[in-house]
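Visitor: Here it is, the structure, as structure tokens.
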Amino acid sequence: MWGGRFAEGPSAVMRAINASIPFDKQMWRQDIAGSKAHVAMLAETGIVAREDADAITAGLEKVADDYAANGVSEDLALEDIHMLTEARLAEAIGTPAGRLHTARSRNDQVATDFRLWVRDAIDEANVALGALLDALIARAEEHADAVMPGFTHLQSAQPVTLGHHLMAYHDMVARDRSRFADARARLNRCPLGAAALAGTGFPIDREMTAAALGFDGPTTNSLDSVSDRDFAIEYLTSASQCALHLSRLAEEFVLWASQPFGFVSLSDQWSTGSSIMPQKRNPDAAELVRGHSGRIVGLMTGLMITMKGLPLAYSKDMQDDKPPVFECHGLLALSIAAMTGMVESATFRTDRMRGVAEAGFATATDLADWLVREAGLPFREAHHVTGRAVARAEALHVKLDALPIEELTAIDARIDARVYGVLTVDASVASRRSFGGTAPDRVRGAIAAARAAREAEA
């Protein structure tokens with residue numbers, strides 16, 4: 001491959017450390033597409049004769065068919081998917097294959113292939129996250145008025161609805177999709193034609209190749225074109241944020257599926273048993289989603305560290321850009337699919353949720369708010385009065401709405417029987433009608449807006 005410059009071939013170790021074909025063979029489709037766009041441009045500009053370009057195009061299609069049918073062989077001597085494809089092309093069509101590499105370098109070639117691959121990965125993530133959004137919307141609609149405890153510090157705080165809780169994750173996933181969309185928009189510039197680092201003296205048409213490959217246009221600086229891996233890092237950062245959200249939902253399912261909570265039962269499809277304890281029903285899928293998030297964040301960090309000290313333009317370190325992205329893509333796809341399946345098939349024990357919401361003095365804030373509205377107390381004073389009422393209910397082992405009126409008036413004479421109208425969990429959630437609140441009608445409004453957004457997108 002190196003022609004006349006080197007008298008000896010590389011050592012076996014050098015060949016092994018230098019070769020990227022074991023992993024970059026995943027980009028064969030993108031490599032074929034980029035090469036076909038490049039040779040079409042070479043013919044259109046008269047840089048390569050039309051008959052040679054036609055032979056090259058036909059040969060590339062033959063190589064692609066072979067890859068699709070038989071897989072991509074790993075010839076370490078040819079180093080990477082780019083040289084392997086060129087060698088297979090030469091076997092197929094002979095001398096004209098040597099003209100394909102005119103006016104390009106492996107530097108701009110790999111930058112283009114990798115952008116195409118990441119763009120495809122983002123599109124796949126977008127579709128998968130759309131399915132998760134649909135699952136969350138459907139289950140939220142099913143439970144728009146099902147009362148559950150809302151937590152802060154994992155302590156019972158105020159009652160909310162399960163539909164509201166699930167729609168919180170809907171909003172997280174929607175933001176994840178927007179981050180991927182932003183990353184896609186920024187990466188959608190074509191490096192092909194930047195050559196090794198300085199551009200080329202051939203009269204190429206970079207707009208033509210960019211359009212042929214679905215880019216918005218060519219990149220604007222040849223040095224940046226071959227040295228930029230922002231698009232890979234931004235994919236990994238978007239994936240990391242998404243994985244964190246999936247992990248949070250997975251953790252909720254792990255907690256909720258435990259006997260002390262008992263809020264959810266995961267289907268057999270998403271549970272495992274124990275090799276020794278016959279009674280066990282383990283939420284392993286959720287635990288693995290939680291675990292994958294740590295690996296994904298680690299992959300992001302690894303590529304950042306690889307890139308942090310590299311001078312312009314291309315350095316061989318950048319060959320290590322692809323394994324973390326490829327691994328992340330697989331882990332994220334599995335995590336999204338698993339979380340979607342769990343959301344779709346979970347059995348939510350809303351009776352248990354309601355019971356816990358009713359048991360934790362979760363309507364204490366409603367009492368304080370009532371004192372502000374109806375008795376004119378400053379909120380801080382109302383907070384203290386309510387705290388005393390909670391302490392009294394706790395001492396009597398009763399719920400707040402079961403505390404006798406005599407007990408309440410003994411705490412503060414300004415309390416009257418009207419207060420019981422706000423002390424049930426149903427009254428509490430119904431009153432939270434501020435925009436974005438947990439009131440069932442607000443939840444249904446949020447669900448309707450989410451459905452409309454999905455339909456508009458479709």
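We did not get these values from a lab; they are worked out from the coordinates using the rules stated. Given the structure is predicted, the values throughout are model-derived calculations rather than measurements. Neighbour counts run over all protein chains shown; Cβ positions are idealised from the backbone, glycine included.
Visitor: For Val160, enumerate residues with amide H under 5 Å from its amide H, sequence gap 5+ or separate chain, H modeled in the peptide plane.
Guide: Met148, Gly150
Visitor: Going down the list Lys36/Lys308; Lys36/Lys316; Lys62/Lys322; Lys36/Lys322, which pairs span over 30 Å between their C-alpha atoms? Each step should come with its number before you reach the end.
Guide: On the way: Lys36/Lys308 34 Å; Lys36/Lys316 26 Å; Lys62/Lys322 26 Å; Lys36/Lys322 22 Å.
Result: Lys36/Lys308 exceed 30 Å.
Visitor: Relative to the compact-globule scaling 2.2 N^0.38 Å, provide the ratio for the alpha-carbon radius of gyration of the stretch 215-279. Can you show the working numbers first?
Guide: Values: Rg = 21.8 Å, N = 65, 2.2 N^0.38 = 10.7 Å.
Computed over Cα atoms of the stretch 215-279, the ratio equals 2.03.
Visitor: So what's the back-of-envelope 222 nm ellipticity for the chain, counting only DSSP H runs of four-plus at -39500 (n - 2.57) apiece and dividing by all residues, rounded to 500? Please list the in-between numbers first.
Guide: On the way: 18 runs with 286 residues, N = 458.
Here the helix-only value at 222 nm equals -20500 deg cm²/dmol.
Visitor: Tell me which chymotrypsin sites (Phe, Trp or Tyr not before Pro) from the stretch 358-458 have a DSSP coil assignment and no more than 14 other beta carbons within 10 Å of their own. Don't skip to the answer; put the middle values down first.
Guide: Working: sites: Phe361, Trp370, Phe379, Tyr420, Phe435; in loops: Phe361, Phe435.
Hits after loop and neighbour filter: Phe435.
Visitor: Sticking with this structure for a sec: Enter the mean projected area of the convex hull around the alpha-carbon atoms of the stretch 42-101, in nm², rounded to one decimal. List each step's numbers first, then the result.
Guide: Values: hull surface 16.2 nm².
Taking the Cα atoms of the stretch 42-101, their convex hull projects to 4.0 nm² on average.
Visitor: Here's another thing I want to ask about it. Binned at 10 Å from 0, what are the whole-percent values of the Cα-Cα distance distribution for the stretch 136-272, short to long?
Guide: All Cα pairs, binned at 10 Å, distribute as 10, 27, 22, 14, 13, 11, 3, 0 percent.
Visitor: Could you give me the radius of gyration and the Dmax of the stretch 1-118, taking only the C-alpha atoms into account and expressing both in angstrom?
Guide: Computed over the Cα atoms of the stretch 1-118, radius of gyration and Dmax are 14.3, 43 Å.
Visitor: Relative contact order of the chain, please, whole-number percent, based on alpha carbon pairs below 8 angstrom and at least 6 residues apart.
Guide: Working: 636 pairs, mean separation 74.2, N = 458.
Taking the mean separation of contacting Cα pairs over the length of the chain, I get 16 percent.
Visitor: Another question, then. Please quote Rg/Rh for the chain to two decimal places, taking the Kirkwood radius as Rh and restricting both calculations to Cα atoms.
Guide: On the way: Rg = 30.4 Å, Rh = 26.3 Å.
That ratio equals 1.16.
Visitor: Quick check: from the Cα gyration tensor, does the stretch 56-182 come out rounded (a/c under 1.5), prolate or oblate?
Guide: Working: a/c = 4.32, a/b = 3.60, b/c = 1.20.
Prolate, since a/c reaches 1.5 and a/b exceeds b/c.
Visitor: Summarise the long-distance tail of P(r) for the stretch 194-353 by giving the % of C-alpha pairs beyond 24 Å.
Guide: On the way: 6813 of 12720 pairs.
Percentage above 24 Å: 54.
Visitor: A further question follows. About the Cα centre of the stretch 164-252, what is the dipole size in debye to 20, counting +1 per Lys and Arg Cβ and -1 per Asp and Glu Cβ, all else neutral? Intermediate results must be reported in sequence, preceding the final value.
Guide: Working: 9 positive and 12 negative charges, 9 e Å.
Taking the Cα centre of the stretch 164-252 as origin, the dipole is about 40 debye.
Visitor: Based on the Cα atoms of the stretch 117-159, what semi-axes does the equivalent ellipsoid have, where each is the square root of 5 times one gyration tensor eigenvalue, given in whole Å with the largest first? It would help to have the intermediate numbers written out before the result.
Guide: Values: eigenvalues 218, 48, 3 Å².
Output for the stretch 117-159: semi-axes of 33, 16, 4 Å.
Visitor: Mind jotting down the three principal axis lengths of the stretch 306-372 based on Cα atoms? Whole angstrom, largest first.
Guide: Principal-axis extents of the Cα atoms in the stretch 306-372, largest first: 67, 37, 13 Å.
Visitor: If you don't mind, another one. Which peptide among 291-298, 187-194, 131-138, 67-74 comes first, and what is the full order, when sorted by highest mean count of other Cβ atoms within 10 Å?
Guide: The peptides rank, most packed first, as 187-194, 131-138, 291-298, 67-74.
Visitor: Taking only the alpha-carbon positions of the stretch 326-458 and ignoring solvent, what does the Debye formula give for the base-10 log of I(q)/I(0) at q = 0.09, 0.10, 0.15, 0.18 Å⁻¹?
Guide: Those come out to -0.44, -0.52, -0.83, -1.02, one per q.
Visitor: Bin width 10 Å, alpha-carbon pairs only: give the P(r) of the stretch 386-458 as whole percents, running from 0 to the bin holding the largest distance.
Guide: Pairs per bin, as whole percents: 18, 32, 22, 15, 10, 4, 0.
Visitor: Quick one: check the C-alpha center-to-center distance for the stretch 287-336 versus the stretch 412-440, whole angstrom.
Guide: 49 Å
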